[in-house]
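A quick write-up on the structure given underneath.
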Amino acid sequence: MKRLNSQLQQDGAPLELILLIRTLLAGCKEISFRVSQGALAGVLGSTLSENVQGETQKKLDVISNQILKDILKESGYVKAISSEEEDDVVPCHPDGKYLVSFDPLDGSSNTEINSLIGTIFSIAHAPQWMEPNDPSAFLQPGTQMVAAGYVLYGPSTMLAMTTGRGTHLYTLDKTHGGFLLTSANIKVPAETSEFAINASNQRHWEAPMQNYITDLLAGEEGPRGKDYNMRWVAAMVGDIHRVLCRGGIFMYPFDKRNPAKPGKLRLLYEANPMAFLMEQAGGLASTGECRIMEVMPTEIHQRVPVILGSKEEVETCLSYYD
């Protein structure tokens, strides 16, 4: 099997980016070990603090964030970090060429039930004229990403990543500690009969999404003319991994409860990297109004609605918004 380095070189990734990705993944391997220890490591449960979004932080959230922050700051390749768990950007090396954004532990509430969790990340070029502590450096559309991916901590530890030359899946070989290529240039089936959405929020959705889901649930007798299955892991990494592997549509749509928070998912830490992976695998990723990767961020913790997955199903969903 091909090793990560070989695939990155084949995809034309520059050496410094390869070294940065290897550094980032070294941190993820440490998180994988901590996660696998579970209650034995004394890292389960919640802290007494909240993150910038007002969510109670899990101990593993804090530990994972610190692991990635420390290893990236020491690397010399990174000018600044933005993390879902940090109020502000974290300045690193003033001459670093890259910016790294990450959700250190997506789905961390799943640790209590030993279910799927993961780390989501994206990498972009750092504007060299900006100071390392300037958050405006991160206000770039997703089209500027040079790499994105996630590490899924499941029965095996897997990496899904793109550098703009297709989406590849790797598996961590724990016998030698490296990621091996297990599926190259994966393609998301254009059609699907699976959808993923938190149906408990249905009463808060806009009419187009309400109508779309109603038609899916109507099955063979409804306007879509076929039965659909709903799947919901409650961790974006788990749901997106399923869609990448076998197709589907994932939605966290606009929610009218709080106009200041038009979506639950964060543009920099979740929506953009997953959109990059999905598009490179032949899928689509939209907010319901525009392509996710073309959204111009206005602040580092910005949230957006998310509709992504199998091309034809996403297009059908978006037709309800016309």
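The values are calculated or read from the model by the stated rules, or taken from the named source; none is laboratory data. Model, not experiment: these values are computed from the prediction. Cβ sites come from the backbone with ideal geometry, for glycine too, and all protein chains shown count toward neighbours. Please note that ligands, DNA and RNA were not included when accessible areas were found on the heavy atoms of the full protein model with its side chains. Shrake-Rupley method; radii C 1.70, N 1.55, O 1.52, S 1.80 Å.
Among the residues of the range 277-301, those identified as closer than 30 Å to ASP134 by Cα, out of contact with any Ser or Thr (no Cβ under 7 Å at 6 or more places or on another chain) and open to solvent by 30 Å² or more (accessible area, probe 1.4 Å) are GLU279, GLU289, CYS290, ARG291, MET296, THR298, GLU299.
Exactly one residue out of ASN133, ASN229, ASN201 is surrounded by fewer than 19 Cβ atoms within 10 Å (Cβ to Cβ), in contact with a Ser or Thr (Cβ under 8 Å, 6 or more places away or on another chain) and of a type in the set (S, T, N, Q): that is ASN229. Among the residues of the range 117-131, some residue qualifies, meaning at least one is of a type in the set (Phe, Trp, Tyr) and either part of a loop (DSSP other than H, G, I, E, B) or at pLDDT below 95 (or both). Quick one: which of THR167, THR162, THR192 is open to solvent by 10 Å² or more (accessible area, probe 1.4 Å), closer than 27 Å to GLY263 by Cα, of a type in the set (Val, Ile, Thr) and touching a helix residue (DSSP H, G or I) at 6+ places or on another chain (Cβ under 7 Å)? The conditions single out THR192. Inspection of the range 310-318 identifies no residue that is outside any helix (DSSP H, G or I), open to solvent by 10 Å² or more (accessible area, probe 1.4 Å) and polar (S, T, N, Q). Selection of first residues in the range 118-138 that are closer than 13 Å to CYS92 by Cα and of second residues that are open to solvent by less than 60 Å² (accessible area, probe 1.4 Å) and of a type in the set (Ser, Thr, Tyr), restricted to Cβ pairs under 6 Å at least 6 apart or on distinct chains, gives the following pairs, ordered by first then second residue: ALA126/TYR98.
Contact map, the range 249-271: first residue part of a loop (DSSP other than H, G, I, E, B), second residue surrounded by fewer than 19 Cβ atoms within 10 Å (Cβ to Cβ), Cβ cut-off under 6 Å, separation 6 or more or different chains; pairs are PHE254/GLU206; PHE254/PRO262; LYS256/HIS204; ARG257/HIS204. If you go through the range 31-49 and pick out every residue that is open to solvent by less than 70 Å² (accessible area, probe 1.4 Å), farther than 18 Å from GLY107 by Cβ and at pLDDT 65 or above, you end up with 1.
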